[in-house]
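First comes the structure, then the notes that go with it.
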Ligand SMILES: NC(=O)c1ccc[n+]([C@@H]2O[C@H](COP(=O)([O-])OP(=O)(O)OC[C@H]3O[C@@H](n4cnc5c(N)ncnc54)[C@H](OP(=O)(O)O)[C@@H]3O)[C@@H](O)[C@H]2O)c1
């Protein structure tokens, strides 16, 4: 009989890839978007998990508005921390393992080298604190929670989601005309969502738990990533200009260096990631297919 998996946040950029990947692996997938289950509603979460009685629960739902979180830290905390507690408590009641996603922003970026799972988190703002609290809640209620920290997620799902992604943002700014200013002094490890979904299924099937880093594998500045995006899109006249944290102020503090070292994945022999160029080529092929269908 097919294994049952419940996925919260199934309409999000990563959620759609998780639904696809678990379905491809012949799971019976019960996906919930915000309209079907708001994860901040503890009774709804408990009721749905009990009714579905799944072998695995995956939480890809999140409040991801890093700057807005500085104005409404309670809203971020409700979704990214307290709602994770709702899910963890419900998982505990039926002994189901939980996979939960977290972020490179739990680090302060002082290290200037890719962060491994052994590094001490030091979040710099409301979003980052709420995500770290979500990790703590998952691990407080469950011994077998799998926490996957990732970075700069981009996938074709972002074509249709409210939050979109950095690739689509660059293309929108290009269409709007005018200079496109992107920070050259912040480094991350952009991660291709379908690859992240594949790693997630593999880790979950292997029964792994604790914190895992699953980043794209290549540290790169947002400016250099933007330049690669325009190259991959065949755009040679993008008015792209480097800027800096000092010049381009945002409401939230962000780590200047947040690339992830996938140390535990590497130990398992699962650390091989597509290059950013290859991931962008796959992205644009999938994007083209989605647009023409
Ligand atoms: N995107 C990145 O660059 C990035 C980087 C590091 C870590 N991550 C982490 O990776 C995971 C997946 O991110 P993503 O890129 O797929 O984000 P996303 O596209 O913004 O998807 C998040 C989904 O969560 C839903 N959601 C928000 N509040 C909810 C609630 N109260 N109840 C139920 N659903 C709710 C959203 O629905 P609405 O559209 O209705 O709000 C959206 O469908 C998250 O844990 C995120 O923190 C992402």
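Each value in this text was obtained by applying a stated rule to the coordinates, not by laboratory testing. Everything numeric here is computed off the predicted structure, so don't read it as measured data. We place every Cβ from the backbone using ideal geometry, glycine too, and count neighbours over all the protein chains shown.
One Cα centroid belongs to the stretch 224-293, the other to the stretch 198-216; the line between them spans 21 Å. With neighbour counts taken as other beta-carbon atoms within 10 Å, the residues 24, 264, 149 rank, fewest first, as 24, 264, 149. The ranking of 40, 103 by Cβ neighbour count inside 10 Å, starting from the fewest, reads 40, 103. On the principal axes of its alpha-carbon atoms, the stretch 32-86 has extents of 37, 19, 18 Å, going from largest to smallest. Shape class for the chain: prolate, because the ratio a/c of the largest to smallest gyration tensor axis (alpha-carbon atoms, square roots of eigenvalues) is 1.5 or more and a/b beats b/c. Each DSSP beta bridge with both residues in the chain is either parallel or antiparallel, and the antiparallel ones are about 5%. I want to check the label-to-label distance for residue 67 and residue 284. Put each point 7 Å from Cα in the C-beta direction and report it in nm to one decimal. Roughly 2.7 nm, to one decimal. Ordered by the count of other Cβ atoms within 10 Å of each Cβ, fewest first, 10, 130, 275 give 275, 10, 130. Relative to the compact-globule estimate of 2.2 N^0.38 Å, the Cα radius of gyration of the stretch 41-182 comes out at 1.17. Take the Cα of residue 94, step 7 Å toward its Cβ, do the same at residue 33, and the gap between the two points is 2.2 nm. Seen against the Cα atoms of the chain and their longest principal axis, helix 193-205 is set at about 30 degrees. Here residue 24 and residue 172 are evaluated by their C-beta separation; at R0 = 30 Å the FRET efficiency comes out at 0.45. Using the alpha-carbon atoms, what tilt in degrees (0 to 90, nearest 10) does helix 222-232 show relative to the longest principal axis of the chain? With rounding to tens, the tilt is 80 degrees. Here the simple spin-label model places points 7 Å from the Cα toward Cβ, and for residue 136 and residue 110 these points are separated by 1.9 nm. For the stretch 179-293, the pair-distance distribution built from all alpha carbon pairs, in bins 5 Å wide starting at 0, is 2, 10, 17, 18, 17, 15, 12, 6, 2, 0 percent. Using the Cβ-Cβ distance between residue 202 and residue 246 with R0 set to 45 Å, the FRET efficiency works out to roughly 0.65. To the nearest ten degrees, helix 276-292 and the longest principal axis of the Cα atoms of the chain are 80 degrees apart.
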